[in-house]
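The values are calculated or read from the model by the stated rules, or taken from the named source; none is laboratory data. Note that the coordinates shown come from a computational prediction; the quantities given were computed from them, not determined experimentally. Glycine gets a Cβ as well: all are built from the backbone with ideal geometry, and neighbour counts include every protein chain shown. Keep in mind that these areas ignore ligands, DNA and RNA; they rest on the heavy atoms of the full protein, side chains included. Shrake-Rupley method; radii C 1.70, N 1.55, O 1.52, S 1.80 Å.
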Amino acid sequence: MLANWETLSRVLERASALNRSEAVQIMYECPTEELVAAAGRVRDITRPKGVITYSRKVFINLINLCRDTCSYCTYKKNPSDPKVSMLNPTSVFAIAEAGKRALCTEALFVTGERPEQKYGEARSWLSSLGHSSTIDYIQEMSELVLKKTGLLPHTNAGSMTKKEMAQLRDTNVSMGVMLESSSERMMSKGMAHEGAPSKNPKVRIRTLQSAGELRIPMTTGILVGIGETLEELIDSLYVIRDLHEKHGHIQEVILQNFEPKADTRMAGFGSTSKEYFLRTVAISRLVMPFMNIQVPPNLNPSIYGRYINAGINDWGGISPVTIDHVNPEFPWPSIDSVREVTEQKAKRLRARLPIYPEFLKGGFISECLEDYVRLISDDSGLVKKEYLDNGA
C-alpha cells in the first residue's frame, strides 16, 4: 500500500495526473474511502470555487430509428412502434418554445445513428422535409431553434464525419458522441456492441479526432459495467485523455452506469456495482484532474450526492420540460432537489451553457454563435443569474 500512498500524495500535492500503471494499481489496491477522498480533494484543488454545474435543457428527440442495435438500448424504435419519433419543424419549434418559457438554454438534438441508411420510412420522411440526410435536417432545425428562441443547440447524432460536423459548426455550440468503451472486444459475439457497427471504438475515436481538428467542443464518456475488464475501463479513460491532450477539445466526460432494461438482450445482466462505479468516478478525476467530469443524477436516484465526494463537477443536462428519451425509465430529479443535494455537500449549483466557459474563447466557437452566447452568459461564462427566476 506504500506505493498507493506515495502516488496519491504526489497527485494531491501537484494535482498531476496518474499514469496508466498507477491508475490500474490504485483501482486494484486502494481502499474506496481513500480513493474517493483523494479524488474529491483533487477536484477542490483544480476547481477551488466550489461550483457544481448543470445545463438546463430541452431534449429534442428528432428521430429514434437507428441503423444499430445495441444490446442494452431502449431508445431505438422500429417504424411500426407507436413510440417512434419523427418530428416535423412545427413540433421541434413547439418543444424549443416550451424550453424557452422554462428558462432553458440548451436544445439537445438526439437521433439514431444514420436511420436513412436502414429504413425507407426514414428516407421518405426526410425527403418530405426536403432533405436526404439526418444531418442536413439537424442543420435546418438547429438554425430554426437558434434564431427563433435563442436556445443553443448541442447535437448528439452518433458517429459523424468531419464534413458533417463542419456543416453543423455554425449552428451548434458543441456536439457529443459517447465513446462508451475503447475495447473492440465489446463488438464480439454476445457482447454489448455486437449489433452496433458504429460503436466500433475506431469509428468513435475517428469522430472525436475529427472534432478536435475542427476545434469543436465535444462531450464524450464511457458506459460502465457492460462487461469490460478493469484494464479496459482504464484504457477507455486514457483514450479520452490522450485525445484531449492532443486537441484540447473534450469539454466534458460523462460517466454513466449501466442499468439493465426490460425487452433488451442485456435485460438479465446485472446492474453496475455501486462501489465499482464510485471507484470509476474517483479514478477518472485522478486520471484527468482538470477535466469537467459528469454523472447524470437520474441514473443514480437517492445516492447521486456521493459522486460529489468522488470528484465530479457537473450534473449534465436536466430538463424541466422533457423526459430523458434515452433513459425514460429514469426521470430527472427536480432542479430544486439537485440544488439541495449539492448544497448539502457544501457546493453551489450554477447553470451553465451547453458549452463550458473555458471553451468560449480560443477559436472553439463559431463567430456566428457569439452574439447568442453573449445574451445569456455572464463574465464567468455561466448563465446570467438574472436570466433565471430562481438565481441558479
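Mind checking which residues of region 262-287 are in contact with a Phe, Trp or Tyr (Cβ under 8 Å, 6 or more places away or on another chain) and open to solvent by 20 Å² or more (accessible area, probe 1.4 Å)?
Taking region 262-287 as the starting set, the residues that turn out to be in contact with a Phe, Trp or Tyr (Cβ under 8 Å, 6 or more places away or on another chain) are 264-266, 269, 271-272, 278, 281, 287.
Selection gives 264, 265, 269, 271, 278.
Listed here are the residues, each with its yes/no results for (1) in contact (Cβ under 8 Å) with a residue 12 or more places away in the chain; (2) of a type in the set (S, T, N, Q); (3) open to solvent by 10 Å² or more (accessible area, probe 1.4 Å); (4) under 29 Å from residue 332 (Cβ atoms).
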residue	(1), (2), (3), (4)
48	no, no, yes, yes
55	yes, yes, no, yes
62	yes, no, no, yes
65	yes, no, no, yes
Check your understanding: Is there any pair with a first residue in region 77-91 that is more than 18 Å from residue 134 (Cβ to Cβ) and a second that is assigned to a loop (DSSP other than H, G, I, E, B) whose Cβ atoms are under 8 Å apart and which are 6 or more apart or on different chains, and what are they?
Key -> 83/64; 83/77
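Return yes when residue 317 is open to solvent by 10 Å² or more (accessible area, probe 1.4 Å), modelled with pLDDT of 95 or more, closer than 24 Å to residue 244 by Cβ and among the small types (Gly, Ala, Ser) and no when it is not.
Working: open to solvent by 10 Å² or more (accessible area, probe 1.4 Å): yes; modelled with pLDDT of 95 or more: yes; closer than 24 Å to residue 244 by Cβ: yes; among the small types (Gly, Ala, Ser): yes.
Yes.
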Check your understanding: So which residues in region 47-69 are more than 26 Å from residue 288 (Cα to Cα) and in a loop (DSSP other than H, G, I, E, B)?
Key -> 64, 65, 66, 67, 68
Practice item. Determine if region 206-216 includes at least one residue that is open to solvent by less than 40 Å² (accessible area, probe 1.4 Å), among the basic types (Lys, Arg) and not in a loop (DSSP other than H, G, I, E, B). Key: no
**Study point:** Yes/no for residue 303 being buried (at least 24 other Cβ atoms within 10 Å of the Cβ) and at pLDDT 95 or above
**Key:** no
**Study point:** Checking residue 231 against (1) outside any loop (DSSP other than H, G, I, E, B); (2) buried (at least 17 other Cβ atoms within 10 Å of the Cβ); (3) not β-branched (Val, Ile, Thr), the condition it does not meet
**Key:** (2)
Review point. Based on what the data block shows, is residue 42 among the hydrophobic types (A, V, I, L, M, F, W, C), modelled with pLDDT of 90 or more and open to solvent by less than 30 Å² (accessible area, probe 1.4 Å)?
Key: yes
Exercise for review: Mind listing whichever residues of region 340-365 are outside any helix (DSSP H, G or I), closer than 23 Å to residue 99 by Cβ and open to solvent by 10 Å² or more (accessible area, probe 1.4 Å)?
Suggested key: 349, 350, 360, 365
